[in-house]
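Student: Attaching a single structure in structure tokens format; questions to follow.
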Amino acid sequence: MRGVLLIAALIVSLSGCGMVPGLPAWPAAAPAPAPVTPPPATTPAPSTSASPTPSATRAALTIPLARQAMREWLVTYNATLKKRKWWTQDARLDALFIEGALHEGVLEGNHETFGWKPGHKPINPTGTPAVYLPRPERQPSIGDWFIAKATYKDTKGYARPHVLAFFRSPGQTFKLAVATPIHWGRQLPEPRLDAGGYITDMDNAMARPVAEEYQNFWNNEKKEGASGYRLAKDSYSRKAFPAVNKGMYVTFAGHGSIFGFRTADGGSFFLFAMINDPKSVNQVLSEALLVPKGSKTIQELGANWFS
């Protein structure tokens with residue numbers, strides 16, 4: 001099974017198209033450099049044309065192409081799950097996952113060690129998944145990303161809406177970075193779209209403190225609200241933490257890339273994964289969060305604990 005090499009950081013800074021700062025600076029003997037924070041995003045004026053502008057170095061990612069990329073990923077993913085001990089094969093993991101999702105291969109190895117059944121299940125969406133992506137000219141130079149919403153069975157066999165984020169480096173195929181089911185009774189907010197159907201940038205200045213507040217909460221390190229934001233009183237995390245903390249919970253060392261968009265009513269949606277220190281990876285926690293316009297309260301729309 002892959003060791004620490006699997007935990008190598010993918011540092012990505014998506015300036016102007018959502019905040020995707022990359023994996024956290026893991027504890028090390030030498031101080032890690034400060035993470036790069038993109039400048040606050042500006043909201044582009046609605047486009048009067050549905051024709052995207054390609055990058056000078058790669059073809060433009062369009063909504064139909066993103067949807068096709070997701071279909072191709074699903075075919076590869078479902079086929080991989082049929083392979084014996086797929087989680088022990090680095091090439092198969094690298095073909096499917098990055099960031100928080102990549103660590104799930106390590107965790108499947110833990111399942112095997114304890115004699116548990118694999119935690120991953122095939123993904124067969126009902127209907128056509130929705131895809132959300134920024135305009136091609138707003139994609140970063142280091143790659144492309146998009147968010148997808150799809151309804152499929154969770155690990156317990158219940159059909160639920162899920163939200164997923166995919167990323168690809170230039171010349172590579174799309175890989176899953178983070179995914180989570182939406183909580184019962186919640187729903188993914190409608191994004192603010194331009195005339196071409198592309199999403200509007202999320203609030204970058206808000207993204208980092210929102211992720212920081214969740215890390216502070218789960219690690220119980222700082223006074224709640226120190227980031228400037230607070231978890232909603234009915235947050236799933238408030239109910240889950242007391243039970244989880246009694247088990248083999250290891251604090252989160254940081255979070256992966258933050259994907260998101262501005263909602264139709266002016267709020268901000270965020271999607272990211274929190275991960276343990278690479279020497280003690282035994283949990284990945286994916287979070288789908290909403291901060292309504294003008295609010296300092298974080299509403300938890302979905303979460304997925306994989307351990």
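Student: So what J values fall out for region 277-292 if you push phi through Karplus, 6.51 cos²θ - 1.76 cosθ + 1.60 with θ = phi - 60°, rounded to Hz, Gly and Pro as x?
Tutor: In residue order, the calculated couplings are 4, x, 7, 9, 6, 9, 8, 10, 10, 9, 10, 10, 10, 10, 10, x Hz.
Student: Along region 152-158, what does the Karplus equation 6.51 cos²θ - 1.76 cosθ + 1.60 (θ = phi - 60°) give for ³J(HN,Hα), rounded to whole Hz, x for Gly and Pro?
Tutor: Couplings: 7, 6, 7, 5, 9, x, 9 Hz.
Student: Let me ask you something else. Write down the radius of gyration of region 182-239 and its Dmax, each obtained from C-alpha positions, in Å.
Tutor: 14.6, 44
Student: Relative contact order, percent, of region 167-307 when contacts are C-alpha pairs under 8 Å separated by at least 6 residues?
Tutor: This gives 27 percent for region 167-307.
Student: In sequence order, what are the phi-derived ³J(HN,Hα) couplings for region 71-82 according to the Karplus relation 6.51 cos²θ - 1.76 cosθ + 1.60 with θ = phi - 60°, rounded to whole Hz, with x for glycine and proline?
Tutor: 4, 5, 5, 4, 4, 5, 4, 5, 5, 5, 4, 7
Student: Among His103, His111, which comes first, then next, by fewest other beta-carbon atoms within 10 Å?
Tutor: His111, His103
Student: In a Debye calculation with equal point scatterers on the alpha-carbon sites of region 96-231 and no solvent, what is log10 I(q)/I(0) at q = 0.15 Å⁻¹?
Tutor: These q points yield log10 I(q)/I(0) values of -1.03.
Student: State the Kirkwood hydrodynamic radius of region 156-307 in Å, one decimal place, computed from all pairs of distinct Cα atoms.
Tutor: Result for region 156-307 stands at 16.2 Å.
Student: In addition: Using Cβ contacts closer than 10 Å as the measure, can you line up Val131, Val106 from fewest to most?
Tutor: Ascending Cβ contact count within 10 Å gives the list Val106, Val131.
Student: Using modelled backbone amide H atoms (1.01 Å from N, in-plane), which distant-in-sequence or interchain residues come within less than 5 Å of Ile258's amide H?
Tutor: For Ile258, whose amide H was placed from the backbone, the distant partners under 5 Å are Val20, Gly22.
Student: Subtract the Cα-Cα distance of Lys222 and Trp116 from 0.36 nm times their separation in residues, and report this length gain in nm to one decimal.
Tutor: 34.7 nm
Student: Full extension from Thr297 to Lys83: what is 0.36 nm times the residue separation minus their Cα-Cα distance, to one decimal in nm?
Tutor: Additional length available on full extension: 72.7 nm.
Student: Grab the eigenvalues of the alpha-carbon gyration tensor for region 207-282, scale each by 5, take roots, and send me the semi-axes largest first in whole angstrom.
Tutor: Over the Cα atoms of region 207-282, the ellipsoid semi-axes are 23, 15, 12 Å.
Read the figures in this text as sums done on the coordinates, not as results from a lab. Since the model is a prediction, treat every value here as computed from it, not as a measurement. Because the Cβ atoms are built from the backbone with ideal geometry, glycine has one as well, and the counts that use them run over all protein chains shown.
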